[in-house]
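Take a look at the structure below.
The values are calculated or read from the model by the stated rules, or taken from the named source; none is laboratory data. What you see is a predicted model, and the numbers here were worked out from it, not measured in a lab. Cβ coordinates were reconstructed from backbone atoms using ideal geometry, including for glycine residues, and neighbour counts include every protein chain displayed. Surface accessibility is based on the protein's heavy atoms, side chains included, excluding ligands, DNA and RNA. Shrake-Rupley method; radii C 1.70, N 1.55, O 1.52, S 1.80 Å.
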Amino acid sequence: MNGYHQRTPLEGEVRIPSGCAISGIISRSGKRFSGREAISSIAVMHDRSNGLGGGFAGYGIYPEYADFYALHVFYYSSEAKRSCEDFLEEHFDLINLSKIPTTKHHAITDEPLIWRYFVTPLPTKLASSQLDENEYTARCVIKINREIDGAYVFSSGKNMGVFKAVGYPEDVGEFYRLDDYEGYSWTVHGRYPTNTPGWWGGAHPFSLLDYSVVHNGEISSYDANRRFIEMFGYSCTLMTDTEVITYMIDYLHRKQGLSFEEVANVIAAPFWSTIERKSQEEKEVCTYLRNTFASMLITGPFSIILGFSGGLMALNDRLKLRSLVAAEKDDRVYLASEEAAIRVICPEPDRLWYPSGGKPVIVTLEGQQGGQDGHQLPVSGL
Amino acid sequence: MGINYLYPDFEVVRNQDRCISCRVCERQCANEVHSFDEATGRMKADESKCVNCHRCVSLCPTRALKIVKTDHTFKENANWKGEVIQDIYRQAESGGVLLASMGTPKDYPVYWDKMLVNASQVTNPSIDPLREPMETRTYLGQKESVIKRDANGKIITKTAPQLKLEIPIMFSAMSYGSISYNAHKSLALAAQELGIYYNTGEGGLHEDFYQYGKNTIVQVASGRFGVHPGYLNAGAAIEIKMGQGAKPGIGGHLPGSKIGEDISKTRMIPLHSDAISPAPHHDIYSIEDLRQLVFALKEATAYTKPIIVKVAAVHNISAIASGIARSGADIIAIDGFRGGTGAAPARTRDNVGIPIELALASVDERLRQEGIRGNVSLVVGGSIRSSSDVLKAIALGADAVYVATSALIALGCHLCRTCHSGKCNWGIATQNPELVKRLNPEVGSERLVNLITAWNHELKEMMGGMGINSIEALRGNRLMLRGIGLHETELNILGIKHAGA
């Protein structure tokens, strides 16, 4: 990407802390709804962003291609597009490809080429790689982002998609015509970076496979986390908190098979003094997780909403140094940085609460297991 | 001495107006500097024997004494400095190796002093350790690489043996023999109270100290002094000493004069025989031999104790550490070339090895590149002088640090660097019962506890300042460090940016 922006350093060249707004909505019954509510919710928190990045993740939006990885790609040149497509042809069956539909918007400028590919790994390549298809796809995505200058895959899950740009999030939503998509859950992010990057890839959500993370905070553990996770084949090219958090969740949940609650016990591990007060069995597990994955503890302020196939998880740092509100009404659960961002789309929730620091709120679709979890409870972590 | 006459390094300055001839200085000085002149009724001094240990100065009731550096000089010469000339005189006279003690006094760069620490401003909050939990607990030992579950899906929580430290600081190896019984007891008592560990060094474990086993690391060195099954099982961990920062590549020599009854028994060697540690372990000539010793010790202790392999920081340290990390060892301890010693050839001490900061940075990075950082914990020593050194070491990638010189200073050591004489006036590096009893273990341990507690407060304060409330989030967090006055190569090795970048 370096050759395409000469003005200021981009993510990946410099570390840019940022404050933010986040919001998430899920229908536990799996009823699909458009991206409009997410747009309305984030628009209320306009002042928490500064126009330097906004984005959305929608789940359940591609039911007709549900078995294929949906790759969303930014291109900054036609050569980058050619190289990337050559790479994709070499590694995947391309089921469908098209430009992602957008609308001209006065506040969204300098857009790159934005393409979408529905793909599935080439069976022969996959077999010879001795990897499962998720790992195969993840490695391909990481390779493109690291090695093909001017190409950036910003979404790579199945039946989900990330839409992001430089701009205010509500404008980004209009730009991508999110009224036209329907999903069972949405997350959205408005960004307030303390520097002036002009690069679309640096907007959030950050995503790998079907994990997407929106995050508000600045973690003080960044380099400890980064240097540890990079041992396992990840490459933190953007140097953002969200990127490293996503990789850690991918590692812990997908590769190590931890449940989301166990993941929370690693990245927002209870204080030792809290662990001491738990039952013997819990104490052993918490001590084990904290010791084994010590370098994946996140310190400093954060509130995140993790999107995954079949659910959302919201999590605060252990001291709750960032605001995070949750609410529910009927089959809907709402998560946001501010209560106003919930009330604007759901004026009278049945229940509204402020989750405690380090206690995850995990919401999964009814009748469906949340990932490898097996959590049947619709909402936990009160 | 004749034509090789060496002018004393120090002058003993006595204010005769203040001196009351109480003769405390005379009684306190094992080097016999002071004496009472019956003829004049005054105290006098033979400064040629003075090592500048400050014992007399500290105990003089009228503050009549001070020790100053002599201004006697050779003709100035930037190349042939006075000490160089004197060393040649000494060797021309003796034909022997020059002996020295404690860490090198030479003016090598101290990288701790060329790194600055970050703090939070605006974009994230600093954390006040007086109001919020601030955690420094550290576990040392191998980490599982794959989560295993039982038939019910419960995580199997059994791990390789771990050392649990409430503070990421341990007292490093100093043998009984090189230091006194009371010094050892001070360390043991303090380790117990602090929830950390002290290290027996290579001289075995005195039977009185088995009771502190939970806070003891027992060492196995090339001389195998005092090693038997009871000893191996007495401690919380076993350290194989392959090398020492102050004298990489060479062994040790405790003269027979120091091998009294207790030490002879503890070391399991005859009374007054020299205790000589060979330069290498004669059963370890290669990395695969190390693996055999590691597992022999694990077998001897039923896989219940972590095995530490201690090596000196030498040029190829990252490859060596990588080999050790694959040897079955649980913890690697690296000792930098500024580390202390009870006795070492001066040329070795002052010229062999590399600084611990560079060794640590390159080992941590190499183990991560190879994806095996989780196989081992890293402990570093070799001149950790303050809590900020501790903090910087952890930010570079250490799990914990070893301190020894700092601990001895807390016990009263004034760094006169003559441990090898055996006449330590502070009761630390001596076996003379009259001198040993000057160090009260209860007082000594209290001072050690104070020191480490103070450091821990400072550590927490600085961690809080950078918005980190658990030590594991500091470990390897090199973005929290910036270099000052370092050139590109040094920055690259340390893996940090320059201040302002």
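Okay, residues lined up against (1) of a type in the set (Lys, Arg); (2) in a loop (DSSP other than H, G, I, E, B); (3) touching a Phe, Trp or Tyr at 6+ places or on another chain (Cβ under 6 Å); (4) over 27 Å from B:Lys310 (Cα atoms):
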| site | (1), (2), (3), (4) |
| --- | --- |
| B:Leu415 | no, yes, no, no |
| B:Thr430 | no, yes, no, no |
| B:Gly444 | no, no, no, no |
| B:Leu451 | no, no, no, no |
| B:Trp455 | no, no, no, no |
| B:Gly467 | no, yes, no, yes |
| B:Arg475 | yes, yes, no, no |
| B:Asn492 | no, no, no, no |
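Taking region B:2-27 only, how many residues are farther than 23 Å from B:Gly82 by Cα and open to solvent by 40 Å² or more (accessible area, probe 1.4 Å)? The qualifying residues number 9.
Residues that are assigned to a loop (DSSP other than H, G, I, E, B), closer than 19 Å to B:Tyr231 by Cβ and out of contact with any strand residue (DSSP E or B) (no Cβ under 9 Å at 6 or more places or on another chain) within region B:262-318 comprise B:Met268, B:Pro270, B:Asp283, B:Ala302, B:Tyr303, B:Thr304, listed in sequence order.
Restricted to region B:452-483, and to residues that are open to solvent by 10 Å² or more (accessible area, probe 1.4 Å) and aliphatic (A, V, I, L, M), which residue is farthest from the other protein chains (Cβ to nearest Cβ)? Step by step, filter region B:452-483, then rank; the result is B:Ala454. Among the residues of region B:62-73, is any surrounded by fewer than 16 Cβ atoms within 10 Å (Cβ to Cβ), more than 30 Å from B:Met466 (Cα to Cα) and touching a Leu at 6+ places or on another chain (Cβ under 9 Å)? For region B:62-73, residues surrounded by fewer than 16 Cβ atoms within 10 Å (Cβ to Cβ), more than 30 Å from B:Met466 (Cα to Cα) and touching a Leu at 6+ places or on another chain (Cβ under 9 Å): absent. Name the single residue that is farthest from A:Thr364 (Cα to Cα) among those in region A:145-186 being open to solvent by 10 Å² or more (accessible area, probe 1.4 Å) and hydrophobic (A, V, I, L, M, F, W, C). That would be A:Ile148. Can you find even one residue in region B:160-167 that is at pLDDT 95 or above and more than 14 Å from every other protein chain (Cβ to nearest Cβ)? No: zero hits.
For a quick check of your reading of the model, give me the residue pairs whose first member lies in region A:51-68 and is open to solvent by 10 Å² or more (accessible area, probe 1.4 Å), whose second is charged (D, E, K, R), with beta-carbon atoms closer than 6 Å and at least 6 apart or on different chains. Cβ pairs passing all conditions: A:Leu52/A:Arg191.
Taking every residue in region B:137-148 that is at the interface with chain A (Cβ under 8 Å from one of its Cβ atoms) and pairing it with any residue that is acidic (Asp, Glu) and surrounded by fewer than 20 Cβ atoms within 10 Å (Cβ to Cβ), at least 6 positions away or on another chain, the pairs with Cβ-Cβ distances below 8 Å are B:Arg137/B:Glu166.
Are any residues in region B:166-181 over 19 Å from B:Pro255 (Cα atoms), touching a Leu at 6+ places or on another chain (Cβ under 7 Å) and open to solvent by less than 20 Å² (accessible area, probe 1.4 Å), and if so, which ones?
Of region B:166-181, the ones over 19 Å from B:Pro255 (Cα atoms) are B:166-172.
Imposing the further condition that a residue be touching a Leu at 6+ places or on another chain (Cβ under 7 Å) reduces the set to B:166-167, B:171.
Result: B:Ile167, B:Phe171.
For the subset of region B:143-165 comprising residues that are charged (D, E, K, R) and surrounded by 18 or more Cβ atoms within 10 Å (Cβ to Cβ), which member is farthest from B:Glu193 (Cα to Cα)?
As a first pass, look at region B:143-165 and keep what is charged (D, E, K, R): B:143-144, B:148-150, B:154, B:158, B:164.
Right, trim to surrounded by 18 or more Cβ atoms within 10 Å (Cβ to Cβ) and you get B:143-144.
Numbers: B:Lys143: 27, B:Glu144: 30 Å.
If we take residues in region B:143-165 being charged (D, E, K, R) and surrounded by 18 or more Cβ atoms within 10 Å (Cβ to Cβ), then B:Glu144 is farthest from B:Glu193 (Cα to Cα).
Any residue that is open to solvent by 20 Å² or more (accessible area, probe 1.4 Å) and free of Cβ contacts under 8 Å to residues at least 40 places away in the same chain - is there at least one of those in region B:302-310?
Going residue by residue through region B:302-310, those that are open to solvent by 20 Å² or more (accessible area, probe 1.4 Å) are B:302-305.
Right, trim to free of Cβ contacts under 8 Å to residues at least 40 places away in the same chain and you get B:302.
For region B:302-310, residues open to solvent by 20 Å² or more (accessible area, probe 1.4 Å) and free of Cβ contacts under 8 Å to residues at least 40 places away in the same chain: present.
Looking only at residues of region B:85-123 that are open to solvent by 50 Å² or more (accessible area, probe 1.4 Å), of a type in the set (Val, Ile, Thr) and closer than 26 Å to B:Gly339 by Cα, we find that the one that is farthest from the other protein chains (Cβ to nearest Cβ) is B:Ile88.
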